[in-house]
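As structure tokens, the structure follows; a few thoughts come after it.
Derivation of every value follows stated rules applied to the coordinates shown; laboratory data play no part. Quick caveat, the model's predicted, so the values are computed rather than measured. Glycine gets a Cβ as well: all are built from the backbone with ideal geometry, and neighbour counts include every protein chain shown.
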Amino acid sequence: MSLEVDIEKKFKGFQLQARFSAGNETLGLLGASGCGKSLTMRSIAGIERPDSGKIVVNGTVFFDRAPGKKARVDLSPQQRKTALLFQNYMLFPNLTVAQNVAAGIAKDVSPADRDAMVQAELKRFGLSGFERRYPVQLSGGQQQRVALARMLAARPGILMLDEPFSALDAHLKSVLEQNLVSLFDAFRGTILYVSHDIDEALRFCDRIAVVESGHIMEMGTGDDLVNRPQSQAGIKLSGCKNATPAQRRGPHAVWLPKWGVQVETAAEVPEGVKCLGVRAFYLQRADGPGRNCFRMRVDRVSDSRFERTALLGFLDRSHEAAPAVERTEDEMKYLHQHLFWRVDKLKTDVELLPHEGEELWIHIPDDKLYLVER
């Protein structure tokens, strides 16, 4: 099973340039809203038509069009035999569960085989006995299972899921995610999974493509993205709270203009470095001055169940830096000149938890830094 995509589509103020390939795996498309993830899926499914490029699924050309020319190949959505799961599942309200599951099965399948296929998928997803119910009579979890059963019953060449859990609360999401395990175990082929949630992508995807402004910035395993990000977009989407522009000051030093400090690095700094990242939980309280130790003020704190997050402002910004921005002047610029520090409340004495207004020393480990050139 394979997927080859090389397409372009232009809109006013936005251009999609999607180039990637996938095999018998689950490939995640990770990015912020509006970056082109869903547009890419819809182009593969035939719902959207690229301006140019080529889409090949399992050796079958779905779309082929040279720039400025008419399409040589442009199969209809029905001919493409793809399965695309939307956030709201798109069940037919006037059809029963059994009829919904059967809706995607080819017309030339005999009634007996059709019924057998429907019953097999209903059993797989724990829906036996629900055949005659209508979508309105089902819970959200049951509706999702019907949609997944319909996908498999259609025997598609590729599965595509577009943020299927984005509207669910945390508890229901964790329960319904188990339905996908059944889906992925049963399907042998390429699965595309759109998400903006790094943890969700890590749970389901063999590889992850980072998408930003219509372009794939990097692609690799979840471990690559978390521990070896290759772009500023990758740093941010991997969950790293501290990402800031960087300028090379030497083989092992970078100047960070928004923070107003210079940081020493264990790894050699790339010539074209553009951004530095450091995870909030790698920061450490220090006793005083030293290598990569900075005097800071706790400007804000917030608590979750097991963590305290502190917003840290640099007190000794270099004279080279622009003057510090007050929160009342520009909220985003104010935040970007700060460090986020996460403290494990279960492992830290109460008296050592940071408090708003406190001044302290913070150490930035030189071996925990991400340095990227794009």
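Descriptive notes on the structure:
- Rg/Rg_ref, the chain, where Rg_ref = 2.2 N^0.38 Å and atoms are Cα: 1.20
- Counting only Cα atoms, the size of segment 219-374 along its three principal axes is 41, 39, 32 Å, in decreasing order.
- Backbone geometry of segment 253-262 corresponds, through the Karplus equation with coefficients 6.51, -1.76 and 1.60 at θ = phi - 60°, to 3J(HN,Hα) couplings of 8, 9, 9, 10, x, 6, 8, x, 9, 10 Hz, x marking Gly and Pro.
- Under the convention that each Lys and Arg Cβ holds +1 and each Asp and Glu Cβ holds -1, the size of the dipole of segment 242-372 around its Cα centre is about 300 debye.
- Neighbour-count order for Lys81, Lys10, fewest beta carbons within 10 angstrom listed first: Lys10, Lys81
- Amide hydrogen proximity for Cys240: with H placed 1.01 Å from N in the peptide plane, no residue at 5 or more positions away or on another chain lies under 5 Å.
- Residue-wise HN-Hα couplings along segment 138-154, as the Karplus relation 6.51 cos²θ - 1.76 cosθ + 1.60 with θ = phi - 60° gives them from phi, are 10, 6, x, x, 5, 4, 5, 5, 4, 5, 5, 4, 4, 4, 6, 4, 6 Hz; Gly and Pro carry x.
- Extreme residue, positive dipole direction of segment 150-277, given options Cys275, Leu237, Leu192 (C-beta unit charges): Cys275
- Estimated from helical segments only, the mean residue ellipticity of the chain at 222 nm is -6500 deg cm²/dmol, where each DSSP H run of four or more residues counts as -39500 (n - 2.57).
- Cβ-based exposure ranking for Trp255, Trp341, in which fewest neighbours within 10 Å come first: Trp255, Trp341
- Put simply, the amide H of Ala253, placed in the peptide plane, has neighbours under 5 Å in Thr265, Val269, leaving out anything fewer than 5 places away on its chain.
- Whole-Hz ³J(HN,Hα) from phi, Karplus 6.51 cos²θ - 1.76 cosθ + 1.60, for segment 345-350, glycine and proline x: 5, 7, 10, 10, 4, 4
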